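Below is one structure, written out as C-alpha cells; the observations come after it.
Any read-out appearing in this document is the output of simple, stated calculations on the displayed coordinates, not a laboratory observation. Computed from a prediction, not measured in an experiment: that's the story for all the values here. Please note: Cβ atoms are built from the backbone with ideal geometry, for glycine as well, and neighbour counts cover all protein chains shown.
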Amino acid sequence: MYKIIVTFFILLASQASFGNETAQPPNQAPEFTPYKASYEATWEAGWFPITVDASRELSKLDNGLWQLTFEAYSSVADLHEESQYSIDGNTVKPHYYRYKTSGFLSKKRRAQTFDWDRKQVWIPERDEWAKYELMLGIQDNLSYQEQIRLDLLAGKTDFSYSVAYKNRLKQYDFKVAKYGKTKTKQGLINTVEVIQEKESSKESTRIWFAVDYEYLLIKLQTKQKNGDSNTISLKKATIQDNVLLGF
C-alpha cells in the first residue's frame, strides 16, 4: 500500500474552484527564488483514504547549483528525493539525482550522476553508464518539474521532456489546459492548470501552479485505470518573505 503512495508522490483534497475571470501568463525573465513548502497527500482506494505529510524545498548551494528536495512521512516509512541542477539558458540541467525510502514496507535507493563532459549518465547501484547519450533537455525524475516552471515562465503552452529513469528514458508530455482562479486560504489566486497527456482516457494527471508565485506547485491530482485517485495539496509555502497559504 505504501509503495502505491510513493509512486503517487513521484508523479511529483478539496477540488480547486475556478471563476470566469482569466489570468494571462506574465512576460518575465526566467528566475527562481528559494522556498519551503508543506503539503498534504491523500490516496483514495477502497474504503479507507490514507493521508500523509510531505514537504518540498528549493535552495541554492555553495557550489552554485540549485537543489530541490522532496520528502514524505508516514508512520510506516519515509521517502527522500533530491535533485541538484543548474540552469543553462532556459533549460534545467540536472547534475545529480538521489532517491531513497526507509521503513519496513519498502527500502529502495537509486542515484544518477549526469556527466556533461562525457555526455553520459552514471548509475552507481548498477556500476555502469546508461546506454543513452546525455543531451541538453534530458531531465531527472524531479528536475522536470522545475523545467515545467521555467517553460510556464517563458509563456509556453506545450512541453515534452525525456526523463532519465534507471537505464532508460521516459517521455512525459504536458499541455496548458487553462488559466484561471483557484480558491485557497489565501483567497482567490491566479493559477494555471496543466495536464499530462496519456494514451488511456481512464488515466489523468492534473497539476495547478500559482502564477504570481513563480509557478509554485499548489495541487496535483491523479486518477488511475482502476479508479484509485491521489491528491497532493499545498498547506503553506514561504518564498523569501512572502507566505502563501494553500488548502
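So here's what we get for this one:
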item	result
In sequence order, calculated HN-Hα J values of the stretch 192-203 (Karplus, 6.51, -1.76, 1.60; Hz; x Gly/Pro)	10, 9, 10, 10, 8, 7, 10, 5, 8, 6, 7, 10
Taking N as its residue count, the alpha carbon Rg of the stretch 49-167 over 2.2 N^0.38 Å	1.13
Amide proton proximity set for residue 165, modelled H, under 5 Å, gap of 5+	170
Principal semi-axes in Å for the stretch 152-242 [√(5λ), Cα gyration tensor, largest first]	25, 17, 14
q = 0.19, 0.23, 0.24 Å⁻¹, the stretch 104-219: log10 I(q)/I(0) [Debye, one scatterer per Cα]	-1.02, -1.20, -1.25
Cβ-derived FRET efficiency at R0 41 Å, residue 119 paired with residue 40, nearest 0.05	0.50
Within-13-Å neighbourhood charge of residue 175 [Cβ basis; K, R +1; D, E -1]	-1
Calculated from backbone phi, Karplus (6.51, -1.76, 1.60) coupling profile of the stretch 160-175 in Hz, x at Gly/Pro	10, 9, 8, 10, 6, 10, 6, 9, 9, 10, 9, 9, 10, 10, 10, 8
Partner lysines for residue 166 [C-alpha distance under 20 Å; skip if fewer than 8 residues away on the same chain]	3, 93, 100, 107, 108, 119, 131
Environment charge of residue 196, counting only residues whose C-beta is closer than 10 Å and scoring Lys/Arg +1, Asp/Glu -1	0
HN-Hα J in Hz across the stretch 110-124 - Karplus 6.51, -1.76, 1.60, θ = phi - 60°, x for Gly and Pro	7, 8, 9, 10, 9, 8, 6, 6, 8, 6, 9, 10, 8, 10, x
